[in-house]
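Since the structure comes first, as structure tokens, the remarks are kept for the end.
Any read-out appearing in this document is the output of simple, stated calculations on the displayed coordinates, not a laboratory observation. Quantities reported herein were computed from a predicted structural model and do not represent experimental measurements. For neighbour counting, all protein chains shown are included, and Cβ atoms are generated from backbone atoms with ideal geometry for every residue, glycine included.
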Amino acid sequence: MSSGSDLENRYCAQNYHPLPVVLSRGEGVYVWDEEGNKYLDMMSAYSAVSHGHANPRLVAALKAQAEKLCIVSRAFYTDKLGPFLERACELTGQDAALPMNTGAEAVETAVKAARRWGYEVKGITENQAEIIVCSGNFHGRTTTIISFSDEAEYQKNFGPLTPGFKIAQYGDIDSLKALITPNTAAFLIEPIQGEGGIVIPPAGYLKACETLCREHNVLLIADEIQCGLGRTGKMLACNHEDVVPDGLILGKALGGGIMPVSMFLAKKEVMDVFVPGTHGSTFGGNPLAAAIGLEALNILVDENLAERSMEMGNYMMGELNKLDSAMISTIRGSGLFIGIEIDPALGSAREICERLMTRGLLSKETHETVVRLAPPLVITKEQIDWAVDQIGQVLQELDSIRLAS
């Protein structure tokens, strides 16, 4: 690799384990390294680049707004934020939104909203509010968020951890029911777990969660940072079961792969707990981010990217299921949000990703056993065919090596 990777390794905190490739350019579903080698991007920056790299409409929106006004803070109104939030609320069925920058910030916003609602609306005794989360969850890496992870490595030596959270078994409605008490303010869930390995709960589970939360006056908050905005074949993953959560968290693709843009959306009685001085962000909702976010939402609708994700995702699943390899335990997914589970006794997801990289396909392992496939939603059948062919050849190579040893 070049000096680019050398400098990163020298000066950057070693909090990631990247594949050994130095990228310098992107267009559509492809990226190029410093030496001009071309790769099919099957990661989309963890769903952030759903619109494709350097989407012309988004680049035009960026340029136009950057030449006019970028940052003024929320100390003033701007002509861009209102239309952006209006469009987001219209598309998600929510009443109001609070703009932030990163997904983790939006999750923290949701936690604050749920607790304050619990005290001021539900009537929970001060400092007794509880939020239920799910096993295998991933909502970010701030101190509060890692406090409700069940991944020991995320928490090691970062204590003392933040109290006030319980963990229900993902996909098990009885587990959730057993944890609800009068002090339960909210249930926070990823409708499909991305970082957990593209884990999909049983059919009807999310709807049952909605019903249970309504019965107990508990807020249902959906984290759709990775699985929202067309990724699973619907505008929201919640739409698959006609669930309308009390709170919704969006990020990643909301910034069109150009800027960090996130938001917490909610019903009016939830959002009304925020008054001046209770929450804020200097950069949250800035005009540049709002202009890009609005265009990102409009592109999703204008180009039917959710429907395209469903069509291409179904096609990819069909082609992947034709692969014959003992290394594959299961293949699961929804839309263009697909995970290939590798039998750890027979192979490593990391090795598969490294071998795919040498063939011009970029993906990344999740939890060491899952190869994640989440390309830009603009991918074509021909590009999918090529990708599946590369995956098949890598699996054949590894099967042959294993059988020969």
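List the aspartates and glutamates whose alpha-carbon lies under 13 Å from that of Lys364, not counting same-chain residues fewer than 8 positions away? Here the aspartates and glutamates satisfying the reach criterion relative to Lys364 are Asp41, Glu195, Glu341, Glu351, Glu354. Segment 371-395 and segment 1-36 have Cα centres separated by 21 Å. Listed by chain and number, the aspartates and glutamates whose C-alpha is less than 19 Å from the C-alpha of Lys63, apart from same-chain residues fewer than 8 away, are Glu27, Asp79, Glu295. Using a/c under 1.5 as the rounded threshold, could you call segment 156-314 rounded, prolate or oblate? The axes a ≥ b ≥ c are square roots of the C-alpha gyration tensor eigenvalues, and prolate needs a/b larger than b/c, oblate otherwise. It comes out oblate by the Cα gyration axes. Give the shape of segment 1-158 as rounded, prolate or oblate, defined through the alpha-carbon gyration tensor: a ≥ b ≥ c are the square roots of its eigenvalues, a/c under 1.5 means rounded, and otherwise the shape is prolate if a/b is larger than b/c and oblate if not. In terms of gyration-tensor shape, oblate. Here the gap between Cys12 and Ala345, fully extended at 0.36 nm per residue and compared with their Cα-Cα distance, gives a gain of 116.5 nm.
If only the Cβ of Lys and Arg carry +1 and only the Cβ of Asp and Glu carry -1, the dipole of the chain around its Cα centre is close to 700 debye.
Against the chain, whose longest principal axis comes from its Cα atoms, helix 103-117 is set at around 30 degrees. Per-residue packing, averaged as other Cβ atoms within 10 Å, sorts the ranges 284-292, 342-350, 139-147 into the order 284-292, 139-147, 342-350, beginning with the highest. What is the angle, in °, between the Cα long axis of helix 81-92 and the longest principal axis of the Cα atoms in the chain? Nearest 10 is fine, range 0 to 90. Its long axis makes an angle of about 80 degrees. Cα gyration tensor of segment 56-302, axes a ≥ b ≥ c as square roots of the eigenvalues: rounded (a/c below 1.5), prolate (a/b > b/c) or oblate? Verdict is prolate for segment 56-302.
Other residues within the sphere of radius under 14 Å centred on the Cβ of Ser175, judged by their own Cβ, net out at -1 (K and R +1, D and E -1).
Computed per residue of the chain from DSSP H runs no shorter than four, each worth -39500 (n - 2.57), the mean residue ellipticity at 222 nm is -11000 deg cm²/dmol.
Projected label points at Lys268 and Gln396, each 7 Å from Cα along the beta carbon direction, are separated by 6.2 nanometres. Largest GNM mean-square fluctuation across Glu67, Glu269, Glu86, computed for the chain with C-alpha springs under 10 Å, falls on Glu67.
Residue ranges 9-18, 30-39, 257-266, 92-101 sort as 257-266, 92-101, 30-39, 9-18 when ordered by packing (mean number of other C-beta atoms within 10 Å per residue, highest first).
Against the chain, whose longest principal axis is taken from its Cα atoms, helix 205-215 shows a tilt of about 10°.
The alpha carbon centroids of segment 268-345 and segment 210-233 are separated by 14 Å. Extending 7 Å from Cα along the Cβ direction at Glu27 and again at Ser405 yields two label points whose distance is 4.1 nm. Distances between placed amide hydrogens fall under 5 Å for Lys166 paired with Ile131, Ile132, Val133, all partners being 5 or more residues away or on another chain.
Using C-alpha pairs under 8 Å with a sequence gap of at least 6, the mean separation divided by the residue count of segment 56-302 gives a relative contact order of 31 percent.
Computed from backbone phi with θ = phi - 60° and the Karplus coefficients 6.51, -1.76 and 1.60, the 3J(HN,Hα) list for segment 155-160 is 9, 4, 6, 10, x, x Hz; x is used for glycine and proline. Under a 5 Å amide H cut-off, with hydrogens placed 1.01 Å from N, Lys267 pairs with Asp95 among residues at least 5 apart or on other chains.
Straight Cα distances below 17 angstrom link Lys166 to the lysines Lys112, Lys177, with same-chain residues fewer than 8 positions distant left out.
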